[in-house]
1. Under 5 Å between amide H atoms, partner at least 5 residues away or on a different chain: which partners does Ile37 have, H built in plane at 1.01 Å?
2. Roughly speaking, to the nearest percent, how much of segment 120-232's 1.4 Å accessible area is carbon and sulfur?
3. To the nearest Å, what is the center-to-center distance of segment 237-277 and segment 151-193, using C-alpha atoms only?
4. If only Cα atoms are counted, what is the Rg of the chain, and what is its Dmax, in Å?
5. Using protein chains only and a probe of 1.4 angstrom, how many square angstrom of Tyr182 are accessible, to the nearest 10?
6. Counting only GluC sites (Glu not before Pro) that sit in a DSSP loop (anything but H, G, I, E, B) with at most 11 other Cβ atoms within 10 Å, what is the longest stretch of the chain containing none of them?
7. Return the Cα extents of segment 1-134 along principal axes one, two and three, sorted largest first, each rounded to a whole Å.
8. Would you mind checking which residues have amide H under 5 Å from Phe246's amide H? H placed 1.01 Å from N; only 5 or more apart, or other chain.
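The values are calculated or read from the model by the stated rules, or taken from the named source; none is laboratory data. None of the values given here were measured: they were computed from a predicted structure. No Cβ is skipped: glycine too gets one built from the backbone with ideal geometry, and neighbour counts run over all protein chains shown. Accessible surface is based on the protein model in full, side chains and every heavy atom, while ligands, DNA and RNA are left aside. Shrake-Rupley method; radii C 1.70, N 1.55, O 1.52, S 1.80 Å.
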Amino acid sequence: MTLIDGKAVSAQIKKEIAAEVADMVARGEKRPHLAAILVGHDGGSETYVAAKVKACEECGFTSTLIRYESDVTEEELLNKVNELNADPDVDGFIVQLPLPKHISEQKVIETIDYRKDVDGFHPINVGRMSIGLPCYVSATPSGILELLKRYHIETQGKKCVVLGRSNIVGKPMAALMMQKAYPGDATVTVCHSRSRNLVEECREADIIIAALGQPNFVKADMVKEGAVVIDVGTTRVPDATRKSGFKLTGDVKFDEVAPKCSFITPVPGGVGPMTIVSLMKNTLLAGKKEIYK
């Protein structure tokens with residue numbers, strides 16, 4: 001069993017990006033600039049945004065954090081999005097989700113200029129991805145592809161089961177694993193809460209990508225010998241032994257599943273760090289105007 005170390009891979013990619021940014025600046029080009037909008041004080045969002053700001057520093061990017069209280073109006077937020085769309089110094093920006101209930105997340109996503117949508121959530125980027133055109137790919141699926149690539153995991157002709165059908169992970173992951181490329185060329189099945197034969201599907205899978213958000217859902221009897229298991233889940237589960245009072249738990253019951261796997265990602269330290277570094281890669285592409293001139 002090989003443990004897929006997302007932390008080590010992401011550290012390597014950040015070094016690669018930083019070297020490229022140093023070259024750009026040495027040539028007199030503009031330093032890539034990522035902006036982030038954070039609404040309210042959601043614990044998970046605070047942690048993610050802090051990690052994104054730190055990653056920007058490590059990559060040599062300029063970063064701007066724009067904060068609003070949770071009572072900000074939808075109109076005020078959309079005005080700020082339009083302001084960032086028009087700002088020539090900002091190469092890419094994100095609006096951290098989830099947003100308060102009174103704000104339409106879809107409206108916010110669709111207002112972002114797709115050429116600056118480094119989260120890859122805009123319908124234009126999603127559509128381009130699904131038909132294999134250059135675009136900003138959603139960060140978590142992009143990070144998973146990078147892990148498969150860097151660990152030289154065979155995907156061609158393999159049976160891949162994606163657990164979960166979210167717009168952020170499940171759907172794009174399935175589309176990317178089907179594409180005519182490496183990693184890709186897999187036979188993909190998407191299972192979700194209404195799937196009747198989910199356990200049987202998993203037992204036949206060469207690759208399982210678990211993105212349900214249900215702690216310890218995937219157990220040893222659902223995984224065949226030698227399978228590759230990618231665990232996207234990160235749920236805070238109460239743990240009195242921890243200083244924080246909780247521990248991050250994946251969708252896979254790691255201790256019992258790991259011995260059966262050829263490759264597996266841990267939680268934390270697997271897919272999580274790759275999500276942030278994928279956002280950095282998209283920001284670099286935005287800064288270089290490589291996808292949308």
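1. Ile66, Ile94, Val95, Gln96
2. For segment 120-232, the apolar C and S fraction of the accessible surface comes to 51 percent.
3. Taking the Cα centre of segment 151-193 as reference, the centre of segment 237-277 is 21 Å away.
4. In order Rg, Dmax, the Cα atoms of the chain give 19.2, 58 Å.
5. About 110 Å², rounded to the nearest 10.
6. 70-224
7. Each principal axis gives a Cα extent; for segment 1-134 these are 44, 41, 34 Å.
8. Hits under the 5 Å cutoff: Asp239.
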